[in-house]
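Structure, as structure tokens:
The values are calculated or read from the model by the stated rules, or taken from the named source; none is laboratory data. These numbers were taken from a predicted model, which means no experiment stands behind them. Here the Cβ positions follow ideal geometry from the backbone for every residue, glycine too, while neighbour counts run over all protein chains shown. Remember, those area values only see protein heavy atoms, side chains included, never the ligands or the DNA or RNA. Shrake-Rupley method; radii C 1.70, N 1.55, O 1.52, S 1.80 Å.
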Number of protein chains: 2
Amino acid sequence: MATETIPGYDFGAPDLQRSPVSPEDLRLLERTLLWSEEDDRYLRMAAEVLDGQVDQVLDLWYDYVASHEHLVRYFAGPDGQPIGSYLERVRARFAQWVRDVCRRPRDQAWLDYQHEIALRHTSAKKNRTDGVESVPEVPLRYMVAFIFPITATMRRFLAARGHGQADVDGMHTAWFKAVVLHVCLWCQPYAAGRW
Amino acid sequence: MATETIPGYDFGAPDLQRSPVSPEDLRLLERTLLWSEEDDRYLRMAAEVLDGQVDQVLDLWYDYVASHEHLVRYFAGPDGQPIGSYLERVRARFAQWVRDVCRRPRDQAWLDYQHEIALRHTSAKKNRTDGVESVPEVPLRYMVAFIFPITATMRRFLAARGHGQADVDGMHTAWFKAVVLHVCLWCQPYAAGRW
């Protein structure tokens with residue numbers, strides 16, 4: 001899907017808030033994650049490997065959320081039923097996020113959009129982008145907990161194109177680091193001065 | 001080391017605060033992590049595999065912290081120099097934490113001690129246990145970021161006793177889930193009502 005046709009995908013939009021996370025904060029987080037140029041190379045490899053598989057990745061993640069009542073409620077309306085259009089719109093952006101993790105340089109535009117994504121999980125901005133009436137915030141603990149499923153489930157897709165074990169391991173390690181990096185940034189609004 | 005000889009290791013102490021995390025919160029977090037009885041079985045296997053290796057695990061983790069100025073500062077005094085006795089006392093508890101992750105049932109005493117550990121990373125209680133004058137708090141982002149090194153570095157130790165790939169994978173997956181679970185709990189004081 002061309003990114004301009006994804007509703008609410010506002011990467012690079014001029015009215016985004018500037019991220020409160022500085023480029024220096026980001027650099028220190030990357031060092032904490034032992035990020036290297038090899039990880040960037042492996043993410044580019046992952047981009048090619050995942051090309052054509054992102055829908056299946058999303059199928060798996062959505063099945064996981066749908067099968068857990070305590071998670072699907074963050075997509076539910078006042079009647080407790082999941083809002084189909086909300087699920088669908090978020091899904092398209094989530095798929096684009098997978099592509100962006102693998103391909104986007106981590107520059108100021110990227111930092112600013114991570115902050116926008118962060119806010120969209122909190123009472124500051126959740127529901128607004130999609131014009132829905134759902135629960136106001138995803139609790140911090142689930143943002144952190146998602147690191148496990150979003151990392152662990154990716155391995156089979158990274159291995160699905162016949163790469164050797166060293167490449168699969170390299171891509172999976174880079175993906176793991178990238179997921180943790182994103183979640184670190186997405187935690188910022190929950191803790192502000194203590195972030 | 002017998003646990004009663006580890007300074008500040010207060011598991012089960014009667015004056016610990018009760019965790020604000022309910023057993024139901026914990027159960028839902030475990031479901032979010034797709035926790036199964038197999039994971040508990042693999043953690044018990046990991047306990048045996050890690051027996052006699054915990055010091056080497058800590059050597060690796062301490063080398064990692066020591067080689068990153070922006071991390072070792074959380075062990076530093078007002079003069080910016082790491083406080084040797086603080087590093088040493090935390091190390092003994094950190095080693096015991098590895099053993100506890102693998103062996104302790106996740107009951108109320110366990111929940112309460114996780115909350116105590118959480119507080120000891122924050123301005124509520126950092127430095128106090130060890131009577132040191134260091135920076136008042138570890139920022140939330142580093143608590144989350146540590147999920148990567150604490151998980152990734154463990155694999156070699158889990159593989160060091162000749163287990164087959166399926167067992168090593170199983171132990172490593174269970175360890176990954178356990179690390180994420182602990183960090184989820186340790187995030188609570190940073191976000192309180194938004195946790």
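Some points to look at:
- Scanning region A:50-61 for residues that are away from every other protein chain (no Cβ under 13 Å) and either open to solvent by less than 40 Å² (accessible area, probe 1.4 Å) or not in a helix (DSSP H, G or I) (or both) yields A:LEU50, A:ASP51, A:GLY52, A:GLN53, A:VAL54, A:VAL57, A:LEU58.
- Residues within region A:28-40 that are without any contact (Cβ under 8 Å) to a residue 24 or more places away in the chain and either open to solvent by 20 Å² or more (accessible area, probe 1.4 Å) or away from chain B (no Cβ under 14 Å) (or both), tallied: 4
- Just one of the listed residues (A:GLY193, A:GLY131) is part of a helix (DSSP H, G or I), open to solvent by 30 Å² or more (accessible area, probe 1.4 Å) and of a type outside the set (Ser, Thr, Tyr), namely A:GLY193.
- A search for C-beta distances below 9 Å between a residue of region A:144-172 that is away from chain B (no Cβ under 13 Å) and aromatic (Phe, Trp, Tyr) and any residue that is surrounded by fewer than 20 Cβ atoms within 10 Å (Cβ to Cβ) and not in a helix (DSSP H, G or I), counting only pairs 6+ apart in sequence or on different chains, returns A:PHE157/A:GLN53.
- When region B:25-49 is limited to residues that are part of a helix (DSSP H, G or I) and hydrophobic (A, V, I, L, M, F, W, C), the one that is farthest from A:VAL72 (Cα to Cα) turns out to be B:VAL49.
- Residue in region A:3-24 that is nearest to A:PHE176 (Cα to Cα), counting only those that are within 14 Å of chain B (Cβ to nearest Cβ) and buried (at least 18 other Cβ atoms within 10 Å of the Cβ): A:VAL21
- Scanning region A:62-84 for residues that are open to solvent by less than 70 Å² (accessible area, probe 1.4 Å), of a type outside the set (Gly, Ala, Ser), farther than 18 Å from A:PRO139 by Cα and assigned to a helix (DSSP H, G or I) turns up just one, A:TYR62.
- Residue identified as open to solvent by 30 Å² or more (accessible area, probe 1.4 Å) and of a type outside the set (Val, Ile, Thr) among A:LEU87, A:LEU158: A:LEU87
- Count of residues meeting criterion [of a type in the set (A, V, I, L, M), touching an Asp or Glu at 6+ places or on another chain (Cβ under 9 Å) and closer than 12 Å to A:GLU38 by Cα] in region A:164-179: 1
- Going through (1) within 13 Å of chain A (Cβ to nearest Cβ); (2) surrounded by 15 or more Cβ atoms within 10 Å (Cβ to Cβ) one by one, B:CYS102 falls short only on (1).
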